[in-house]
Amino acid sequence: MILVTGASGTVGREVVGRLPAGVGVRVMARDPARIGGVGAGVEVVAGDYGDPGSLARVLRGVRTVFLVTARVGGGDDAVFVAAARAAGVRRVVKLSAAAVLDEGAGDLITRWQRESEGLLRDCGMEWTLLRPRAFMSNCLSWAGSVRCEGVVRALYGEAAHACVDPADVARVAVRVLTEEGHAGRAYTLTGPQALSAVEQTRELGAVLGVALRFEELSPARARAALEGRYPPAVAEALLDSALRLKAGAKAGVQDTVGRLTGRPARTFRQWAAAHAASFGGHGDAAGPPQAGPRASGTGAGTAGTAP
């Protein structure tokens, strides 16, 4: 039995949908009603990191776990790992982040991820770490300003970032969850190219068939936008992450996705084409970009600031 946590999230949802037929799959969710569209035979069970009793029920009979935690510094990894060990789980595949390898990264989020990785290494179970760069799907935060104004706004628009398609992260996760030979391994996952937000804007415009504009966010405006969405310490960590992006710490490309799955990682243009409807489009543009809408606004997309 494979247990998938974080199944309502960007990667977990893809993992559930890609696990092969015939594999026993259980999904843990605080609110099972939020988990829809799972395949036949997928068991959805109520569980909460804050309720060890529920974890014991969720983990009964489970041999392999895909572990996703999101409460920064909240201790969820420690509680879950202890419960998994007590339940006799054999293997844990943890979704971490590439930032743990950045020597200059000492922000709250990265420290928490390093601590979580350390827990797994010392847990006595088999473990595998998946360390993606930021998800291409973070660019969905631009959708509103693209649809209404034809504008993308971000910090440090010329800084290159080797973002990865979450679907590729899920493809790697499925291989690791269903194959032997990955115990004690850590895999850094990137896209096939490092693009700046300016270049992503150009690629997205080509897919949509409109001439999008890029507007550089000032650090002060980015801070205000982040503090409106996150606790102050998390917002500060994301701003620190953006500074590392500006310094070039996130531009390295690796071929891990292709090596593990046998298929190259998807490009940003391929990701954009698959999600064109979110930006008001219908897929790859057949002709040259047309003039996009022009309007003033205060939207502040912050894609690209994650690890």
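I'm trying to understand the selection: among the residues of region 65-75, which are of a type outside the set (Phe, Trp, Tyr) and either within 15 Å of Val11 (Cβ to Cβ) or crowded, with 20+ Cβ neighbours inside 10 Å (or both)?
The answer is Val65, Leu67, Val68, Thr69, Ala70.
Checking the condition at pLDDT 95 or above, in the same structural domain as Thr10 (by TED's automatic domain parsing) and of a type outside the set (Asp, Glu), which residue from Val151, Val174, Val146 passes?
Just a single option satisfies the conditions, and that option is Val174.
Looking for whichever is buried (at least 23 other Cβ atoms within 10 Å of the Cβ), touching a Phe, Trp or Tyr at 6+ places or on another chain (Cβ under 7 Å) and not acidic (Asp, Glu) here; the options are Val146, Val169. Which one fits?
That would be Val146, the only listed residue that is buried (at least 23 other Cβ atoms within 10 Å of the Cβ), touching a Phe, Trp or Tyr at 6+ places or on another chain (Cβ under 7 Å) and not acidic (Asp, Glu).
Quick one: in region 1-46, which of the residues that are part of a loop (DSSP other than H, G, I, E, B) and aliphatic (A, V, I, L, M) is surrounded by the fewest Cβ atoms within 10 Å (Cβ to Cβ)?
Filtering first and then ranking leaves Ala40.
Looking only at region 202-228, count how many residues are in contact with a helix residue (DSSP H, G or I) (Cβ under 8 Å, 6 or more places away or on another chain), in contact (Cβ under 8 Å) with a residue 24 or more places away in the chain and not hydrophobic (A, V, I, L, M, F, W, C).
Within region 202-228, residues that are in contact with a helix residue (DSSP H, G or I) (Cβ under 8 Å, 6 or more places away or on another chain), in contact (Cβ under 8 Å) with a residue 24 or more places away in the chain and not hydrophobic (A, V, I, L, M, F, W, C) number 3.
Does Gly50 qualify as being farther than 18 Å from Arg30 by Cβ and assigned to a loop (DSSP other than H, G, I, E, B)?
No: the conditions fail for Gly50.
State all residues of region 86-99 that are among the hydrophobic types (A, V, I, L, M, F, W, C) and either surrounded by 21 or more Cβ atoms within 10 Å (Cβ to Cβ) or touching a Phe, Trp or Tyr at 6+ places or on another chain (Cβ under 9 Å) (or both); if no residue qualifies, say none.
Once the filter is applied, which keeps residues that are among the hydrophobic types (A, V, I, L, M, F, W, C) and either surrounded by 21 or more Cβ atoms within 10 Å (Cβ to Cβ) or touching a Phe, Trp or Tyr at 6+ places or on another chain (Cβ under 9 Å) (or both), region 86-99 yields Val89, Val92, Val93, Leu95, Ala97, Ala98, Ala99.
Pick from Ala220, Ala249: which is closer than 25 Å to Val169 by Cα and of a type in the set (Gly, Ala, Ser)?
Ala249
Please determine whether any residue of region 55-64 is in contact with a Gly (Cβ under 6 Å, 6 or more places away or on another chain) and not aliphatic (A, V, I, L, M).
No: zero hits.
Return only the number of the condition from (1) in contact with a strand residue (DSSP E or B) (Cβ under 6 Å, 6 or more places away or on another chain); (2) at pLDDT below 90 that Arg26 does not satisfy.
(2)
Before we move on, is Ala206 out of contact with any Pro (no Cβ under 8 Å at 6 or more places or on another chain) and not assigned by TED's automatic domain parsing to the domain that holds Asp102?
Considered against the rule, which asks whether it is out of contact with any Pro (no Cβ under 8 Å at 6 or more places or on another chain) and not assigned by TED's automatic domain parsing to the domain that holds Asp102, Ala206 comes out as no.
Would region 159-168 turn up any residue that is outside any loop (DSSP other than H, G, I, E, B), farther than 26 Å from Arg223 by Cβ and without any contact (Cβ under 8 Å) to a residue 60 or more places away in the chain?
No - not one qualifying residue is present in region 159-168.
Based on what the data block shows, is Ala83 surrounded by fewer than 23 Cβ atoms within 10 Å (Cβ to Cβ), in contact with a Leu (Cβ under 7 Å, 6 or more places away or on another chain) and within 22 Å of Val176 (Cβ to Cβ)?
So Ala83 passes the test.
Can you go through Gly248, Gly181, Gly258 and tell me which one is under 30 Å from Val62 (Cα atoms) and in a loop (DSSP other than H, G, I, E, B)?
When all the criteria are applied, what remains is Gly181.
The values are calculated or read from the model by the stated rules, or taken from the named source; none is laboratory data. Every value quoted in this text rests on a predicted model; they were computed, and no experiment measured them. Quick reminder, even Gly has a Cβ in these numbers, built from the backbone with ideal geometry, and neighbours come from all protein chains shown.
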